[in-house]
Every structure is written in C-alpha cells, then in structure tokens.
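Asks: Pasting a structure below so you can have a look.
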Amino acid sequence: MTTLTIEIPEKVEKTLTDLIEQLGGKIVVTETEKKLSKAAKKKQILDDLEESIKWVKLHQEGKVKGQPIQELLDEL
C-alpha cells in the first residue's frame, strides 16, 4: 500500500475521506485531529484521571479484582 500526504480544503475533507475509505484505503492522520484544542486535551486527561480514580475506589471496596503488574507488562 502507498502512503500519500495531501493538503485539501476543510470543506472537502469529509467527502474525500469517505471516497478513500470506499476505495479500500484508510486515513492515517488528519490535521483536524492534530489541532485538538488545549481545552479538549485537558478535558480528556481529566476524564481519564477520573475514570482511573473510580477503578481504584472500586478495587478498594473489593468490587473489582486488581491485576498483577507482571500480567499487565506481559500484555504489552
């Protein structure tokens, strides 16, 4: 498969993306994905942190079982 880097106007991005996917290709990265605002990144980090804290609390309450660190590393 060949990789191309192209610049297109934002107004045709959706149309071209759909066409490429219909032809069996895939879009790797778009500029709009790169341009996540600072606020969006901060919100994502806070949401992830909040979810992690919930899991820790559930573990402390005995509602979920923890996984040994070696098992986590083996999955990588």
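Quick note: the coordinates plus some simple rules give every number you see, no bench work behind them. What you are looking at is a predicted structure, and each value in this text was computed from that prediction instead of being measured. So basically every Cβ, Gly included, is an ideal-geometry build from the backbone, and we count neighbours across all protein chains shown.
Asks: Could you run the Karplus curve 6.51 cos²θ - 1.76 cosθ + 1.60 with θ = phi - 60° over the stretch 43-55 and give me ³J(HN,Hα) per residue in whole Hz, x for Gly and Pro?
Replies: 4, 4, 4, 5, 4, 5, 5, 4, 5, 5, 5, 4, 5
Asks: List nothing, just return the count: lysine pairs in the stretch 36-76, 8 or more apart or interchain, with Cα separation under 26 Å.
Replies: Number of lysine pairs found: 10.
Asks: Now a separate question. On the first, second and third principal axes, largest extent first, how far apart are the outermost C-alpha atoms of the chain in Å?
Replies: Here the spans come out as 52, 32, 18 Å, largest first.
Asks: Still on this structure: At 222 nm, what value in deg cm²/dmol follows for the chain if DSSP H runs of at least 4 each add -39500 (n - 2.57) and the sum is divided by all its residues, to the nearest 500?
Replies: It lands at -17500 deg cm²/dmol.
Asks: Give the order of Val12, Val64 when sorted by the count of other beta carbons within 10 angstrom, beginning with the fewest. Before the final figure, lay out each step's value.
Replies: Working: Val12 10, Val64 13.
In increasing order of surrounding Cβ atoms, one gets Val12, Val64.
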